[in-house]
Each structure stands twice: as C-alpha cells, then as structure tokens.
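Single-structure report; data block below.
Laboratory data are not the source of any read-out in this text; all were calculated from the coordinates shown. Computed from a predicted model, the values in this text were never measured in an experiment. Methodologically, a virtual Cβ is constructed for each residue, glycine included, from the backbone with ideal geometry; neighbour enumeration extends over all protein chains shown.
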Amino acid sequence: MQKPIILPNEQQRLWELYSYEILDTSPDEEFDEIVKLASQICNVPISLISLVETSRQWFKAKVGLDANETSKEISFCAHAIAQDEDFFEVGDATKDYRFYDNPLVTESPNIRFYAGVPLVSRNGFKLGTLCVINSVPQHLTQEQSFGLKVLANQVIKLLDLRINNKQLAAQKLRLKQQAEMQNRIISIIAHDVRNPVASLKQIIEFSNNNSLSQEEVREMMLMAESHLDGTLDLLSDLLEWGRMQITAHVNEPQSVNLYQLVEAKFKRFYATALIKGNKLINLVDKDLIIATDPNALNFIIRNLLSNANKFTENGMITIYGQREKEKVLLSISDTGIGMDEKIKNKLFDRSCKITTNGTNNEKGSGLGLLFTKDFVELLGGTITIDSKKDVGTTFYVELKA
C-alpha cells in the first residue's frame, strides 16, 4: 500500500481548511443533497464530501457509508488531492499498486472503484474531495465525470457561502455592539459629567455671592479648581471605558499601590464630598500592591465613590482594602440612605435600569454601576452589594491579586 504524499503547501492548506470552520459540524441538508445526487448520477452506492485533515479524512456529507471519518494514511481522497489533475479515478483498486492491499479494499467497504474531484478553495488550496465509490470495478462516462465536477464546484460555493454568511453575521453583530457602545458612552457621559459640572456651577455661584469674604471666595475658587481637575480625570476615565468597550480587553497589568490610588481619588473628590458634608476615610492597607489595569481600577473606584457620595449627606464614606491569599478584597461603604431589597436585587439587572435621585436631588441614568460591573468582570473579578434602608450601603469588589 502506498501512503499519500504530504503536499509542499500542506500547512497553508490546513490553515485554509480550518478557516472554513466546517470540520466536525452537524449535517447540512444542502451538502447531503449533493452526495445523494452524485451517487445517482454516477450510479454508485457510496458518495462522500471528504475533507482531508492532518491525520484523518472527515466526511461532511455521506451516503452509503456508516463511518464519519477514516485515517488519512489509507485515504483515497488524500491521493486525489496530491495529484495535479482535476479528476482522479481508480477503475479497479485490486489491480492498482497504490491500493491493492489497502484495508479499505481488503475489508469493508471493499472498494474497487473510486472517482474523486478535488474541492479547490478560492485561494487554490485543495481541501478534500467530492468522491463516489463502488464495490465493483467501474469507469465514469464523460457525462458522469463532468456532472461530478459541477457538483464539486457547488460544494465549494456552499462552503464559501457558509463562511460569507458567518462573516456577515459577525459584522452585523459588531455594528450592533458598536451602536450599543455609542449609546452607552453617551449615557455614561450624561450620568457622570452632569453632576460634577452642576457642582462646579454651584461653587462658582457661591464664590460670586457678594456676602462671601475674600478669603471664602479664594477657598471656593481653589475648590472649583480641584473639582475641575476631578472632572477632567472623569473624562479620561470615560475615554478609557470607551476604549475597553471597543477592544473588549483591558491594558497590560501594572503594579498599583491601592492605598495611594485611593488617596489620589479622595483628593479629586474632596470638593464634591465637602459640598455634601461627607468625610472620606481611607482604610486600605498602605503596602497593598495589586497587579492590574490602573485605568480600569480608577474607573471602578471613582464610580463607587461617586455613587456613595450621591446617596450620603453629612456622613462617612470609607474604603477598605486588604489581601486575602491570592485575592484582593475591596469595599466601599457609606452611611447614606441605603436601599431596600427590591432595588438591591435589581441593581445589576440590565433589563430594568434603576434610577434614584441623590440626597441633593442629583439625577442619574442608572447606568454607572452597570458600567462599573463591566470593568470589574473584565478584570476577572466580582462585585456584590449589601445595603439597608436608612443605614447605608457597602459594595464588595473581589479582584485577582
């Protein structure tokens, strides 16, 4: 028995075959009809659409044969794609030196006759064959071989149509995701920029009040400058969120001192918290280092801080952080108005946005926490919530260390 040769472009041929994502897929009526018609045209009991892989030939469609695949080593189809012709025929396998002792000849299905037409992709690679088989010697007529070639061409057209449809579906999905992402970016800008700008306007109005002393005006303007810095940081975070939505991944991990990151956020939130009469408390371990995307972590902490400040007045907002084995546990607690079980259970449900005004009637879109959850999950973490009405709320974030 002669083994089929390995083609010079075998690796590229295999890449082409894999790109069709057809191997080991479920039966398709269109391909099944082609092998049935091939069997009738050529007057044979067996017809196959055979795709030749590294060590096997797998049958996308078949008639007259129970097996789903056979070894490439004994495959007639592997010989068919190794020659330069567009048609390969073996009239009597028992008299052919390449096949006379082949197990497919000496045992079931007792092949005597084989004819195959290579399935050539648009890039010129032979993926397999459309073949017909009989247990008695035979030769195809010119009309039969022509019909087999026409059907083989239809197989390639179906394969190309299949992959084109998948690409169109993927493109449609991407366009839908991009549209959703644009809407979400607009929503988050409305949600997260409106409140800081409104607070900044309030600071300016206070500073323009003639009843204020010069020292109080100076303090107000310093507060406004700090608040503006925080708003600019916020816009940077929003751009990072948009990038994450487009690329669907975070940046390479960097070593981040969590205590210092929280301190930096507190400085940016000082003016906002002062207006509400809230005290910011950092209880993160001072030497807690986490390997993560700092922009994503910034986004998470900023949103949870903003949410805590929104629903707290003349209270405390506390951030805890510690390492526990291979995880970092982070919590953001407030002594605000809290929420009941009904609202808490729907907080992360995208099908029913929860919007509640803050203690100073601050408006929101109900999307900020959903976006925060996006980032937490993209970092491989989890976020949960514990809240009691008129007592306060705590968000627990668990991240990989």
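Within the set of other residues whose C-beta is less than 11 Å from the C-beta of residue 58, count the net charge using Lys and Arg as +1 and Asp and Glu as -1. The partial results should precede the final answer.
Working: positive: 56, 60, 62, 72; negative: 24, 53, 69.
Neighbour charge sum, excluding residue 58 itself: +1.
Sorting 394, 356 on the 10 Å Cβ count, fewest up front, what's the list?
Values: 394 19, 356 13.
Lowest count first: 356, 394.
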* For residue 62, go through the aspartates and glutamates and keep the ones whose alpha-carbon is under 16 Å away, minus same-chain ones fewer than eight residues off. => 24, 28, 29, 30, 32, 33
* To do: Compare the peptides 334-343, 99-108 by average per-residue count of other Cβ atoms within 10 angstrom and give them in order, highest first.
  => 334-343, 99-108
* For the peptides 20-29, 114-123, 323-332, what is the packing order when you average, over each peptide's residues, the other Cβ atoms within 10 Å and list the highest mean first? -> 114-123, 323-332, 20-29
* May I ask you to evaluate 6.51 cos²θ - 1.76 cosθ + 1.60, the Karplus curve with θ = phi - 60°, for each residue of region 56-64 and list the ³J(HN,Hα) values in order in whole Hz, giving x for glycine and proline? => 8, 10, 10, 9, 5, 9, 7, 9, x
* Asked: Using the Karplus equation 6.51 cos²θ - 1.76 cosθ + 1.60 (θ = phi - 60°), what ³J(HN,Hα) coupling, rounded to whole Hz, does each residue of region 128-143 give in order, writing x for Gly and Pro?
  -> x, 9, 9, 10, 10, 9, 9, 8, 10, x, 6, 9, 7, 6, 4, 5
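Given region 1-99, report the % of alpha carbon pairs whose separation exceeds 19 Å. Show your work: numbers first, answer last.
Numbers: 2335 of 4851 pairs.
Pairs farther apart than 19 Å: 48 percent.
Taking 0.36 nm per intervening residue step and subtracting the Cα-Cα distance, what contour gain separates residue 23 from residue 348 on full extension?
Values: separation 325, 0.36 × 325 = 117.00 nm, distance 3.92 nm.
Residue separation times 0.36 nm, minus the Cα-Cα distance, leaves 113.1 nm.
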* Using θ = phi - 60° and the Karplus curve 6.51 cos²θ - 1.76 cosθ + 1.60, what whole-Hz ³J(HN,Hα) does each residue of region 371-384 get, with Gly and Pro shown as x? -> 5, 4, 4, 3, 5, 4, 5, 5, 7, x, x, 10, 9, 10
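Sequence gap at least 6, Cα distance under 8 Å: using those rules, report the relative contact order of region 10-140 to the nearest whole percent. Before the final figure, lay out the partial values.
Details: 249 pairs, mean separation 33.0, N = 131.
Relative contact order of region 10-140: 25 percent.
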* Asked: Looking at this model, which pairs from 267/373; 201/267; 126/176 are more than 27 angstrom apart at the alpha-carbon?
  -> 126/176
* To do: Determine, from the Cβ-Cβ distance of residue 161 and residue 281 and an R0 of 51 Å, the FRET efficiency 1/(1 + (r/R0)^6), rounded to the nearest 0.05.
  => 0.20
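Given R₀ = 25 Å, what would the calculated FRET efficiency be for residue 218 paired with residue 264, taking r from the Cβ atoms and rounding to 0.05?
Values: r = 24 Å, r/R0 = 0.96.
Computed FRET efficiency for residue 218 and residue 264: 0.55.
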* Using a basic spin-label model with each label point 7 Å from the Cα along Cα→Cβ, how many nm lie between residue 143 and residue 2? -> 3.3
* Enumerate the amide H contacts of residue 293 below 5 Å, restricted to partners 5 or more residues apart or on another chain; note that Pro and chain-start residues carry no placed amide H. => 254
